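Chemist: Here you go, one structure.
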Amino acid sequence: MKISRIEVGEVNIPLVTPFKTALRTVDSVNDLVVRITADDGRLGFGEAPPTAVITGETKGSICCAIEQFIAPSIVGMEIENLDGIMERLQGCMLKNTSAKAAVDMAVYDLYAQSCQKPLYQVLGGRRAEIETDLTISVNSVEEMVADSQKAVNEGFRILKIKVGKEGLADVARIEAIRRAVGPAVRLRVDANQGWGAKEAVRIIRAMEDRALDIELVEQPVKADDFAGMQYVTAHTATPILADESVFSARDAIRLMEGRAADLINIKLMKAGGIYPALKICAAAESFGVECMIGCMLESKIAVSAAAHLAAAKGIITRADLDGPSLCRLDPYEGGPAYDGPWIRMNRTPGLGIVSAPCFTS
């Protein structure tokens, strides 16, 4: 089976409510979708969100990377030559990780189809379902409490609370949510680089002093503030999760060697796809550091690829894959089943995605 054609389309899916973090506010998932057609007619799907604030990519740069650099490098190659494809894909240009990720997951989709197995089984097959958290966007305390209660009523047992805009006022925000949802719900706090190092320590210690039982704090300081990450990790008891600080296995190793994080967040859009994400998993396994699998504002295609990876690897012990739950509708046919907090892997080969609305034929 050979790669015959690579096409790029676009989807626009409204969100249930605006997605607000310390970095941005977004009303819809407006992503690019990749479709790879094999010479036997089989289709592989991938997706890339233009998240300029994190990866530096726009729609234009993603399209250009795929159409002018990646596609010419791999069209005509045998799908079974997975390592060869990935070497060309990752080596044809620097950075552009989301563009690479979209093509990478479409190739893996076809590769698993050629093996006649769901992708998670090809990657290791640890489990057939995973549980995700649900993100609570930055809003007024009253609105965030109401959103948290609604999520719990819908069956979510893990909430990721966005903070990072109001300093110590975030402590009262988290405390109000903890009182509302009770002690059984796991709370994760994501500052999205919104604090300074000493400020982060003050805030996290205040949450610890109030016994708010926070499972982890994600990316408390700027992505490139390695010393700040070390300082926060060393001076707090709450586990610190590195997110924007980790794009590659090299980044992860530096953080783990320097004890600048307790946990590593893997996102396919930062890593450049499943192939490099597997290298981060291997590095984390060697250090005995657990990982979380996360996503940007992505719809079902990209989140399904991440879910398959999470279902395959034991070192991935946490999931933040709520993208489809934030969308008003699912425009795709096939793929894993999304049932509240539970993502259940498809039994069909590959990612299981059959069609995407941006491709008519």
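The values are calculated or read from the model by the stated rules, or taken from the named source; none is laboratory data. If you're wondering where the values come from, they're calculated on a predicted model, not measured in any experiment. Backbone-built Cβ (ideal geometry, glycine too); neighbour counts: all protein chains shown. These accessible areas exclude ligands, DNA and RNA; they are computed on the full protein's heavy atoms, side chains included. Shrake-Rupley method; radii C 1.70, N 1.55, O 1.52, S 1.80 Å.
Chemist: Enumerate the pairs (first residue in region 4-19 and free of Cβ contacts under 8 Å to residues at least 12 places away in the same chain; second residue anywhere and loosely packed, with under 13 Cβ neighbours inside 10 Å and among the β-branched types (Val, Ile, Thr)) with beta-carbon separation below 6 Å, excluding pairs fewer than 6 apart on the same chain, so at least 6 apart or on different chains.
Modeler: none
Chemist: Take the conditions in contact with a Pro (Cβ under 9 Å, 6 or more places away or on another chain) and not charged (D, E, K, R) and apply them to SER286. Does it pass?
Modeler: Numbers: in contact with a Pro (Cβ under 9 Å, 6 or more places away or on another chain): no; not charged (D, E, K, R): yes.
For SER286, the condition - in contact with a Pro (Cβ under 9 Å, 6 or more places away or on another chain) and not charged (D, E, K, R) - is not met.
Chemist: Sticking with this one: Which condition number does CYS64 fail, the rest of (1) open to solvent by 30 Å² or more (accessible area, probe 1.4 Å); (2) modelled with pLDDT under 95 being met?
Modeler: For CYS64, the failing item is (2).
Chemist: Now for a separate question. Quick check on my filter: what residues within region 103-138 are of a type in the set (Gly, Ala, Ser) and either touching a helix residue (DSSP H, G or I) at 6+ places or on another chain (Cβ under 7 Å) or more than 29 Å from SER4 (Cα to Cα) (or both)?
Modeler: Kept after step one, since they are of a type in the set (Gly, Ala, Ser), are these residues of region 103-138: 106, 112, 114, 124-125, 128, 137.
Within region 103-138, ALA112, GLY124, GLY125, ALA128, SER137 qualify.
Chemist: Filter region 308-331 for residues that are open to solvent by less than 20 Å² (accessible area, probe 1.4 Å) and either within 17 Å of VAL354 (Cα to Cα) or touching a Phe, Trp or Tyr at 6+ places or on another chain (Cβ under 6 Å) (or both) and give the result.
Modeler: Going through region 308-331, the residues open to solvent by less than 20 Å² (accessible area, probe 1.4 Å) turn out to be 308-312, 316, 319-323, 327.
HIS308, ALA311, ALA312 - these are the residues of region 308-331 that are open to solvent by less than 20 Å² (accessible area, probe 1.4 Å) and either within 17 Å of VAL354 (Cα to Cα) or touching a Phe, Trp or Tyr at 6+ places or on another chain (Cβ under 6 Å) (or both).
Chemist: Out of the residues in region 36-50 meeting the condition of being surrounded by fewer than 24 Cβ atoms within 10 Å (Cβ to Cβ) and more than 20 Å from the chain's Cα centre (by Cα), tell me which one is nearest to ALA65 (Cα to Cα).
Modeler: Among those that are surrounded by fewer than 24 Cβ atoms within 10 Å (Cβ to Cβ) and more than 20 Å from the chain's Cα centre (by Cα), it is THR37.
Chemist: Right, another one. Which number in (1) open to solvent by less than 10 Å² (accessible area, probe 1.4 Å); (2) part of a helix (DSSP H, G or I); (3) of a type outside the set (Val, Ile, Thr); (4) free of Cβ contacts under 8 Å to residues at least 40 places away in the same chain marks the one condition that ALA260 misses?
Modeler: Looking at each condition in turn, ALA260 falls short on (2).
Chemist: Right, something else. How many residues are β-branched (Val, Ile, Thr) and within 22 Å of GLY9 (Cα to Cα) if we restrict to region 302-335? Before the answer, list the steps.
Modeler: Restricting attention to region 302-335, the residues satisfying the condition of being β-branched (Val, Ile, Thr) are 303, 315-317.
Right, trim to within 22 Å of GLY9 (Cα to Cα) and you get 303.
Of the residues in region 302-335, 1 are β-branched (Val, Ile, Thr) and within 22 Å of GLY9 (Cα to Cα).
Chemist: Given the conditions (1) part of a loop (DSSP other than H, G, I, E, B); (2) crowded, with 18+ Cβ neighbours inside 10 Å; (3) among the charged types (D, E, K, R), and given that ASP224 satisfies all but one, which numbered condition is not satisfied?
Modeler: Failed condition: (2).
Chemist: In region 187-219, which residue that is open to solvent by less than 10 Å² (accessible area, probe 1.4 Å) and among the charged types (D, E, K, R) is farthest from ARG173 (Cα to Cα)?
Modeler: That would be GLU218.
Chemist: What do you reckon, is LYS160 in a strand (DSSP E or B) and touching a residue at least 24 places away in the same chain (Cβ under 8 Å)?
Modeler: On the way: in a strand (DSSP E or B): yes; touching a residue at least 24 places away in the same chain (Cβ under 8 Å): yes.
Yes.
Chemist: Also, I was wondering about something else. Among the residues of region 155-177, is there at least one that is open to solvent by 10 Å² or more (accessible area, probe 1.4 Å), at pLDDT 95 or above and at positive phi?
Modeler: Scanning region 155-177, I find at least one residue that is open to solvent by 10 Å² or more (accessible area, probe 1.4 Å), at pLDDT 95 or above and at positive phi, so the answer is yes.
Chemist: Checking ILE343 against (1) at pLDDT 95 or above; (2) more than 16 Å from the chain's Cα centre (by Cα), which test does it fail?
Modeler: (2)
Let's see how each residue does on (1) in a loop (DSSP other than H, G, I, E, B); (2) over 21 Å from ASN265 (Cα atoms):
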| position | (1), (2) |
| --- | --- |
| ARG173 | no, yes |
| ALA180 | no, yes |
| PRO183 | yes, yes |
| VAL189 | no, no |
| ASN192 | yes, no |
| GLU199 | no, yes |
| ILE203 | no, yes |
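Chemist: Only one of (1) surrounded by fewer than 18 Cβ atoms within 10 Å (Cβ to Cβ); (2) at positive phi is not met by LYS150, so which one is it?
Modeler: Against the list (1) surrounded by fewer than 18 Cβ atoms within 10 Å (Cβ to Cβ); (2) at positive phi, LYS150 comes up short only on (2).
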